[in-house]
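Chemist: For reference, the structure I am asking about is given below.
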Amino acid sequence: MNRRYRGLALIFNHENFDNGYPSKRRGTKQDRDRLQTILKNLGFKVEVKNEMTYEEIFNIIQAVSKMNHSHNDCLLITVLTHGELGMLHAKDTIYKLRNLWEPFTDKNCPTLAGKPKIFFIQACRGVKYDNGITLKTDGSSALTENPTHPDFVFAFSTVPGYYSWRNSSNGSWFIQALCDILVDCAIDTDILKMLTYVLHKVALDFESYTPNDLESHKKKEMPSIHSTLTRLLIFNNMKKRNECCNQS
């Protein structure tokens, strides 16, 4: 993290969807606004994209992959939306998660080669509820969308197959916990350690409260991380302008 610019941070925010399906994502504005402020403070050039169709998302991703990122530290993409296993919802249709990251492999985007490509994904990955258990044991879950190239890190709001929780007033559990940890730790703690703190916070500090719907009442959430980073990643406190080199 010693180049001229921190880099570009894209936030794809989805609240409303065509024909009212999926349902409106109340509370996503809180996630969007808080994350935008924090990323700007970390030196990113932040671009918020609201209510994008898949074609619009695809065109933006392709354009960013063709930019010159030579003087940038990294790239960060956040998606706030509904999801299914391996799929994300645009305003008009669903699309594969791999369509977001494949354009930024070393082959497809050589000016980001050897640099971190960070993805924060706030979306359901299924419909199952996590009932939680009193005594936790070790275990692991295989991800369905595994990058095969170095220097990617994915932070998902939940494990495969499970529901992801969002409060209509305060925002999603995962993004708000992520924002808390970034504020407290970003300039001197590597990102995988920070994300471990996020997982801990979401797992222990949050529980659903829907007494009128016992099926979804008192449920838990377990975010997950997948990383192919080859170095420690720390957002140091060097003063950087909120812009990035993006020449074609």
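Conditions tested, residue by residue: (1) touching a helix residue (DSSP H, G or I) at 6+ places or on another chain (Cβ under 9 Å); (2) open to solvent by less than 40 Å² (accessible area, probe 1.4 Å); (3) within 24 Å of Val46 (Cβ to Cβ); (4) assigned to a loop (DSSP other than H, G, I, E, B).
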{"residue": "Asp188", "(1), (2), (3), (4)": "no, no, yes, yes"}
{"residue": "Leu192", "(1), (2), (3), (4)": "no, no, yes, no"}
{"residue": "Tyr197", "(1), (2), (3), (4)": "yes, no, yes, no"}
{"residue": "Ala203", "(1), (2), (3), (4)": "no, yes, no, no"}
{"residue": "Tyr209", "(1), (2), (3), (4)": "no, no, no, yes"}
{"residue": "Lys218", "(1), (2), (3), (4)": "no, no, no, yes"}
{"residue": "Met222", "(1), (2), (3), (4)": "yes, no, no, yes"}
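Chemist: Test of understanding: among Ile181, Ile191, which residue is within 16 Å of Lys117 (Cβ to Cβ) and aliphatic (A, V, I, L, M)?
Modeler: Among Ile181, Ile191, only Ile191 is within 16 Å of Lys117 (Cβ to Cβ) and aliphatic (A, V, I, L, M).
Chemist: Related question: Within the range 159-214, how many residues turn out to be free of Cβ contacts under 8 Å to residues at least 24 places away in the same chain and out of contact with any Phe, Trp or Tyr (no Cβ under 6 Å at 6 or more places or on another chain)?
Modeler: Result for the range 159-214: 15.
Chemist: In the range 104-115, which residues are part of a loop (DSSP other than H, G, I, E, B) and surrounded by fewer than 18 Cβ atoms within 10 Å (Cβ to Cβ)?
Modeler: Answer for the range 104-115, where residues must be part of a loop (DSSP other than H, G, I, E, B) and surrounded by fewer than 18 Cβ atoms within 10 Å (Cβ to Cβ): Asp106, Lys107, Asn108, Ala113, Gly114.
Chemist: Being closer than 16 Å to Thr81 by Cβ and open to solvent by less than 30 Å² (accessible area, probe 1.4 Å) is the filter here; which residues of the range 157-175 pass it?
Modeler: Listed by number, the residues that qualify are Ser157, Thr158, Ser164, Trp165, Gly171, Ser172, Trp173, Phe174, Ile175.
The values are calculated or read from the model by the stated rules, or taken from the named source; none is laboratory data. This is a predicted model, so every value here is computed, not measured. No Cβ is skipped: glycine too gets one built from the backbone with ideal geometry, and neighbour counts run over all protein chains shown. Surface areas here come from the heavy atoms of the whole protein model, side chains and all, with no ligands, DNA or RNA. Shrake-Rupley method; radii C 1.70, N 1.55, O 1.52, S 1.80 Å.
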